[in-house]
Every structure is written in C-alpha cells, then in structure tokens.
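S.K.: Here's a structure for you.
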Amino acid sequence: MRIPESELIINDDGSAFHIHLKPEELADLVILVGDPGRVDMVAEFLSDKEFRHASREFVSTTGKFNGKRLTVLSTGIGTDNCDIVMTELDALANVSFKTREAKKKHRALTILRIGTTGAVQPDIPLGSPIFSHYSVGCDGLLNWYADRDSISNLDMENAFKEHVRWDKNLPSPYFVKASDKLIERFEDCTIKGVTISAPGFYGPQGRVVRLGLAMPDMLEKFESFRFQDYRITNFEMESSAVAGLAKHLGHDAGTVCCAIANRYLKSSNPDYKPMVRSLVELALDRLTR
C-alpha cells in the first residue's frame, strides 16, 4: 500500500521531513540525545564522520566508533518530539522513499537515548548512570496508537495507579520494558531503573512554582511504589516514547541517563557535563563491543 504524501512528507532532497536524514545516511545503531549541542560532543568520539545536518532542534551526524557505523541525532525536549523522531527513523529504515511503500524485509534498528535525569530515591548518588528497564509514560502519547495495551505491563500499570491514587483527569500511564538486548549490555554498570517519563518539567514532575498540583503527594507516592523487585528511580521526559514506539515498530531501544539531581534529597550538581561525557563514552563502548 502506498503511503500518501500527506502522511509521510519527504523533502525535495529525498530526506525525512523533520530530521532531514536520507535513508542511506542512517546507520543500524542510533544514539538519541535531547540537547542539539550534545550531538557535537558525542561526535568528538567518532571517526569517519559523513555529514552534519541541522534543522530546528534536530541535529544529526553519522560516523564510526570501534569500527562500527552509528548515527547520532538530537530530539529536543519531550515525547511529542520523540514521536516525530521515532516515526521518521522507522520510515527511513522500513519505507521505500521512492515508491512510498513499506519494504518487504524489516530492518531493526538499535536505538539508545542518552540523557540527564533527576533521581527520586535517597540511595542514588549524583552522577549515577540509570538504565530504564521500564519507562512509565505519563504523557499519553502511546494511548493514541492502536494496541496500546500490548506494549504495557498492565499488572504493573494497575498496581501503580492504585498506589498513587492516579487522578482520573490525567492520561493513563503505560509501562514499557526496554529491549532485553540493551538491558543485558548495561546491567552490570548501571542502576536498574523504572523511569517516569513526564510531559513537562514543572507540575508533571512535582515542582510547584505558582500553581498547585493535582496530586500534591505525588513524589512521596512515586518514591514508595514497589512492584516485585522494581521501584521508581527517576524522572525524565523522553524515554517512554522511545521505548513504546520502538516496541510497536520492531526496534531495540532503551534509555540511559546520568543523575544530575536528587529530588528526594533536594540536591543537584550544575557541573554535570563531565559526568555526561563519561556516560557517553561508556554507552558507545557497550553499543559497539
């Protein structure tokens, strides 16, 4: 079936509409970062760099690390941007941009988001790398797609909603597990995470400036939630869309973040860039070994 031009927009140069990558420029290994400036930092580790594209918050390059080709792409902030990025990455891999038809042979990408995060448990030190074994989508994005329940751990989801007394006016959260392949690569060097992927930085993460919260005891309830051997470990704003859309589309994906704040202890480290750089180096090694 041909995908209409209105559904998948292709630029005149043959690149995906928002991220401006062409099919031949996309590697099988993809690193996603939020900050466009972080693409150049990751690129410092790469050899044989092929290009640098920049459009709005979407900056990209492809090069090699340990002899393996990989693409680095920034998403900007939020799951709405990740909806764009993940959909266009999949289209580059699995849709012919010439015929606008899905390819017969599926191409699976390995996608790792590297970011920063705020921990919510008192025993997680600043600088700790947290790998999101589960991402909790409080954004509602996956609820817009068919078969949403098939990618969520419904038992964990229901236990969470009951424990925190989830407000009926909020989107139902979904619990998506990361790729087992990526979990295995990072499990001996990171903290086992269950990550709240929030649709905002202030109220959705329990911050109060001038407006009150729908769930005033949200942080305490998140911190005390337990399901089997899992607990909520941190907040960020993109991992649920990356994990959820990847699972729907048949890709391996996960998120690893450096804890630059601890919400429980009310502490933070503004000089976090060296820690992120170390995490990038670790992630590149684990992806390409």
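The values are calculated or read from the model by the stated rules, or taken from the named source; none is laboratory data. The structure presented is a predicted model; accordingly, all values stated were derived computationally and were not measured. Cβ: placed from backbone, ideal geometry, glycine included. Neighbour counts: every protein chain shown. We work out accessible area using only protein heavy atoms, side chains counted, and drop any ligands, DNA or RNA first. Shrake-Rupley method; radii C 1.70, N 1.55, O 1.52, S 1.80 Å.
S.K.: Give, rounded to the nearest 20 debye, the magnitude of the charge dipole that the range 22-150 has about its Cα centre when Lys and Arg contribute +1 at Cβ and Asp and Glu contribute -1 at Cβ.
M.R.: My answer is approximately 600 debye.
S.K.: Round to a whole angstrom and tell me the spacing of the C-alpha centers of the range 181-210 and the range 12-61.
M.R.: First find each Cα centre; the distance between them is then 24 Å.
S.K.: Roughly how many Å² is the accessible area per residue of the chain, as a whole number, for a 1.4 Å probe?
M.R.: Working: 13400 Å² over 289 residues.
Ligands and nucleic acids excluded, the result is 46 Å² per residue.
S.K.: What translational diffusion coefficient, to the nearest whole µm²/s, does the range 41-127 have by Stokes-Einstein, given a Kirkwood radius computed over alpha-carbon pairs, a temperature of 37 °C and 0.692 mPa s viscosity? Let's see the in-between values first.
M.R.: Numbers: Rh = 15.5 Å.
It comes out at roughly 212 µm²/s.
S.K.: Additional query: I'd like the orientation of helix 239-249 relative to the chain: the angle between its Cα long axis and the longest Cα principal axis, in ° from 0 to 90, rounded to 10.
M.R.: 50 degrees
S.K.: Something else now. First compute the accessible area of the range 161-289 with a 1.4 Å probe, then give the percent of it belonging to carbon and sulfur atoms.
M.R.: Result for the range 161-289: 51 percent of the exposed heavy-atom area is carbon or sulfur.
S.K.: Below 8 Å between Cα atoms, with a sequence gap of 6+, how large is the relative contact order for the chain in percent? Walk me through the intermediate numbers first.
M.R.: Numbers: 584 pairs, mean separation 68.1, N = 289.
Relative contact order, the chain: 24 percent.
S.K.: Quantify, in whole percent, the carbon and sulfur part of the accessible surface of the range 1-131 (1.4 Å probe; protein heavy atoms only).
M.R.: Values: 2960 of 5870 Å².
Using a 1.4 Å probe with all protein chains present, the range 1-131 comes out at 50 percent carbon and sulfur.
S.K.: Also, quick follow-up: Rounded to whole Hz and in sequence order, give me ³J(HN,Hα) for the range 40-49 from the Karplus expression 6.51 cos²θ - 1.76 cosθ + 1.60, θ = phi - 60°, writing x for Gly and Pro.
M.R.: So the Karplus estimates, Gly and Pro as x, are 5, 5, 5, 5, 4, 7, 9, 10, 6, 5 Hz.
S.K.: Kirkwood Rh, Cα Rg: Rg to Rh for the chain?
M.R.: 0.96
S.K.: Still on this structure, please answer the following. Name the trypsin sites (Lys or Arg not before Pro) in the range 163-194 that are in a loop by DSSP and that have at most 10 other C-beta atoms within 10 Å, would you?
M.R.: Of the trypsin sites (Lys or Arg not before Pro), the ones in loops of the range 163-194 whose Cβ has at most 10 other Cβ atoms within 10 Å are 168.
S.K.: Largest first and to the nearest Å, give the Cα extent of the range 153-289 along each principal axis.
M.R.: Projected onto the principal axes, the Cα atoms of the range 153-289 cover 46, 37, 26 Å.
S.K.: Taking the dipole about the Cα centre of the chain, with the C-beta of Lys and Arg at +1 and of Asp and Glu at -1, give me whichever of 79, 45, 209 is farthest to the positive side.
M.R.: 45
S.K.: Using a 7 Å offset from the Cα along the Cα-to-Cβ direction at both residue 11 and residue 56, what is the distance between the two label points in nm, to one decimal?
M.R.: If labels sit at residue 11 and residue 56, their model points lie 1.2 nm apart.
S.K.: Hey, can you grab everything whose amide H is under 5 Å from the amide H of residue 115? Only 5+ residues off in sequence or another chain; H modelled, so Pro and N-termini drop out.
M.R.: 256, 257, 258
S.K.: Let me ask another. Quick one: grab Rg to one decimal and Dmax as a whole number for the range 1-147, Cα atoms only, in Å.
M.R.: For the range 1-147, the Cα radius of gyration and maximum Cα-Cα distance read 16.5, 54 Å.
S.K.: Report the Cα centroid-to-centroid distance between the range 214-264 and the range 88-137 in angstrom, as an integer.
M.R.: Using only Cα atoms, the two centres lie 14 Å from each other.
S.K.: Which angle from 0 to 90°, rounded to the nearest 10, does the C-alpha axis of helix 154-164 make with the longest principal axis of the chain?
M.R.: Compared with the principal axis, the helix lies near 40 degrees.
S.K.: Also: Take the Cα atoms of the range 1-78, find their three principal axes, and give me the spread along each one in whole Å, biggest first.
M.R.: Extents along the principal axes: 39, 27, 19 Å.
S.K.: Restricting things to Cα coordinates, could you compute the convex hull volume per residue of the range 185-255 in Å³?
M.R.: Dividing the Cα hull volume of the range 185-255 by its residues yields 116 Å³.
S.K.: Can you give me the angle between helix 79-94 and the longest principal axis of the chain, using Cα atoms only, in degrees from 0 to 90, rounded to the nearest 10?
M.R.: Tilt relative to the chain: about 30 degrees.
S.K.: Size of the dipole of the range 5-53 about the Cα centre, Lys and Arg at +1 and Asp and Glu at -1 on the beta carbon, nothing else charged, in debye to 20?
M.R.: 200 debye
S.K.: Taking a cut-off of 18 Å, what percent of all Cα-Cα pairs in the range 156-202 are separated by more than that? Intermediate values should be presented prior to the final figure.
M.R.: Working: 489 of 1081 pairs.
Looking at the range 156-202, the distances longer than 18 Å represent 45 percent of pairs.
S.K.: A further question on this structure: Taking each pair of different alpha-carbon atoms in the range 95-199 once, compute 1/r for the pair, average those values, and report the inverse of that mean as the Kirkwood hydrodynamic radius in Å to one decimal.
M.R.: When all Cα pairs of the range 95-199 are included, the Kirkwood radius is 16.2 Å.
S.K.: Something else about it: To the nearest 20 debye, what is the magnitude of the charge dipole of the chain about its Cα centre, counting +1 on the Cβ of each Lys and Arg and -1 on the Cβ of each Asp and Glu?
M.R.: 180 debye
S.K.: Then there is this: From the phi angles alone, apply the Karplus equation (6.51, -1.76, 1.60; θ = phi - 60°) to the range 99-111 and give each ³J(HN,Hα) in whole Hz, x where the residue is Gly or Pro.
M.R.: 9, 6, 10, 5, 6, 5, 9, 6, 9, 8, 9, 10, 10
S.K.: Okay, next question. Using DSSP loop states and a limit of at most 13 other Cβ atoms within 10 Å to flag GluC sites (Glu not before Pro), what is the longest stretch of the chain containing no flagged site?
M.R.: No qualifying site falls inside 45-186, the longest such stretch.
S.K.: Additional query: Can you list the HN-Hα couplings for the range 222-227, worked out from phi with the Karplus curve (6.51, -1.76, 1.60; θ = phi - 60°), rounded to whole Hz and with x for Gly and Pro?
M.R.: Taking θ as phi minus 60°, the curve returns 4, 5, 8, 5, 9, 9 Hz for the range 222-227.
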